[in-house]
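**Q** Let me begin by handing over the structure; questions about it come next.
The values are calculated or read from the model by the stated rules, or taken from the named source; none is laboratory data. On a predicted model such as this, the values are computed, not experimentally measured, just so you know. Methodologically, a virtual Cβ is constructed for each residue, glycine included, from the backbone with ideal geometry; neighbour enumeration extends over all protein chains shown. Only protein heavy atoms, including side chains, enter the accessible area calculation; ligands, DNA and RNA are left aside. Shrake-Rupley method; radii C 1.70, N 1.55, O 1.52, S 1.80 Å.
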Amino acid sequence: MKLSDPRANRSRQALLSAGIEVFLVNPHASLTEVAAFAGVGRATLYRHFETREQLIQELARESLAMTDKAMQPLKAQKLKGREAIEAMLHAVMPLANRFHFLLSLWSIAEDDPEVTDIYNRQLDEMAELVEQGKKAGDINTALTTTWIVTMIDCLIYAGWYLVRDNKCDAREAAESAVQTLFSGIRA
């Protein structure tokens, strides 16, 4: 089947959607479990993804593309520094259900050079925002940009865990991340 075939596209999308759902519940799930959840046969599955790793890497590429898509309106507004970082946190927190499974499968996803390139580009873009915030006086210049970018990345992951576990909603997670990043946890 060609990917231009609507039936093949539906099968592929069903597998991708099933992959997210199945890996959210069980990061160690097999391709057979994904195929069963998607309602497709093993032959169809293997026409699209020969290995579990290929499916995980495709899901990672799609998830990173969703982050880029969530950021497009912010880039169009030409937000800079702290304002852009705050808006970014609010834009990415709703992606928790899409990304949460990747947290435990990142070692497989990052074996794909395309995934690594996209992720590194996104981190570089975040570093630019941090530098802008430093120049504007909104971000402590005594901290390295690498430290701050890593902190932002960790706050996003923390928010995704809490949203996924229904401990808070995406808005609360984003607001908590902004508060923690810019004001700390001191009373």
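**Q** When both residues are 6+ apart or on different chains and their Cβ atoms are under 8 Å apart, which pairs have a first residue that lies in the range 176-187 and is hydrophobic (A, V, I, L, M, F, W, C), and a second that is open to solvent by 40 Å² or more (accessible area, probe 1.4 Å) and in a loop (DSSP other than H, G, I, E, B)?
**A** Listed by first residue and then by second, the contacts come to PHE182/ASP138.
**Q** Residues in the range 35-50: is at least one in a loop (DSSP other than H, G, I, E, B), at positive phi and of a type outside the set (Val, Ile, Thr)?
**A** First, the residues of the range 35-50 that are in a loop (DSSP other than H, G, I, E, B): 39-41, 49-50.
Subset that is at positive phi: 39.
Subsequent filtering for residues that are of a type outside the set (Val, Ile, Thr) retains 39.
Yes: one or more hits.
**Q** Quick one: would you say THR146 is polar (S, T, N, Q), exposed (fewer than 13 other Cβ atoms within 10 Å of the Cβ) and in a helix (DSSP H, G or I)?
**A** Working: polar (S, T, N, Q): yes; exposed (fewer than 13 other Cβ atoms within 10 Å of the Cβ): yes; in a helix (DSSP H, G or I): yes.
Against the criterion (polar (S, T, N, Q), exposed (fewer than 13 other Cβ atoms within 10 Å of the Cβ) and in a helix (DSSP H, G or I)), THR146 qualifies.
**Q** Moving to a separate point now. Here is a list of conditions, (1) in a helix (DSSP H, G or I); (2) of a type in the set (Lys, Arg); (3) free of Cβ contacts under 8 Å to residues at least 40 places away in the same chain, and ARG61 meets all of them except one; can you say which number that is?
**A** (3)
**Q** Restricting attention to the range 163-180, report how many residues are surrounded by fewer than 19 Cβ atoms within 10 Å (Cβ to Cβ) and part of a helix (DSSP H, G or I).
**A** Filtering the range 163-180 down to residues surrounded by fewer than 19 Cβ atoms within 10 Å (Cβ to Cβ) leaves 164-169, 171-172, 175-176, 178-180.
Then keep just the ones that are part of a helix (DSSP H, G or I); that gives 164, 171-172, 175-176, 178-180.
Within the range 163-180, residues that are surrounded by fewer than 19 Cβ atoms within 10 Å (Cβ to Cβ) and part of a helix (DSSP H, G or I) number 8.
**Q** Pairs needed: first member in the range 31-52, touching a residue at least 12 places away in the same chain (Cβ under 8 Å); second member anywhere, open to solvent by 80 Å² or more (accessible area, probe 1.4 Å); C-beta distance under 6 Å; at least 6 residues apart or different chains.
**A** Within 6 Å, the pairs are ALA35/ARG42.
**Q** Here's a check for you: in the range 58-86, which residue that is of a type in the set (Gly, Ala, Ser) and closer than 25 Å to PHE101 by Cβ is surrounded by the most Cβ atoms within 10 Å (Cβ to Cβ)? Explain how you work it out, then say what you get.
**A** First, the residues of the range 58-86 that are of a type in the set (Gly, Ala, Ser): 60, 63, 65, 70, 76, 81, 84.
Checking which are closer than 25 Å to PHE101 by Cβ leaves us with 60, 63, 65, 70.
On the way: ALA60: 25, SER63: 19, ALA65: 11, ALA70: 16.
It comes out as ALA60.
**Q** Would you check if there is a residue in the range 112-120 being among the polar types (S, T, N, Q) and out of contact with any helix residue (DSSP H, G or I) (no Cβ under 7 Å at 6 or more places or on another chain)? It would help to see each step written out before you state the result.
**A** Step one: list which residues in the range 112-120 are among the polar types (S, T, N, Q), which gives 116, 120.
Cutting the leftovers down to out of contact with any helix residue (DSSP H, G or I) (no Cβ under 7 Å at 6 or more places or on another chain) gives us 116, 120.
Checking the range 112-120: at least one residue is among the polar types (S, T, N, Q) and out of contact with any helix residue (DSSP H, G or I) (no Cβ under 7 Å at 6 or more places or on another chain).
**Q** Exactly one condition in (1) open to solvent by less than 80 Å² (accessible area, probe 1.4 Å); (2) in a helix (DSSP H, G or I) is false for ILE139; which is it?
**A** (2)
**Q** Just to be sure before I move on: is SER17 free of Cβ contacts under 8 Å to residues at least 60 places away in the same chain and either acidic (Asp, Glu) or within 28 Å of LEU155 (Cβ to Cβ) (or both) in the structure I sent? Even if it seems obvious, please write down each step before you answer.
**A** Numbers: free of Cβ contacts under 8 Å to residues at least 60 places away in the same chain: yes; either acidic (Asp, Glu) or within 28 Å of LEU155 (Cβ to Cβ) (or both): yes.
So SER17 passes the test.
**Q** Hey, another quick one. Among the residues of the range 25-51, which ones are surrounded by fewer than 17 Cβ atoms within 10 Å (Cβ to Cβ) and either touching a Gly at 6+ places or on another chain (Cβ under 9 Å) or closer than 18 Å to ASN9 by Cα (or both)?
**A** ALA36, GLY39, GLY41, ARG42, ALA43, TYR46, ARG47, GLU50 - these are the residues of the range 25-51 that are surrounded by fewer than 17 Cβ atoms within 10 Å (Cβ to Cβ) and either touching a Gly at 6+ places or on another chain (Cβ under 9 Å) or closer than 18 Å to ASN9 by Cα (or both).
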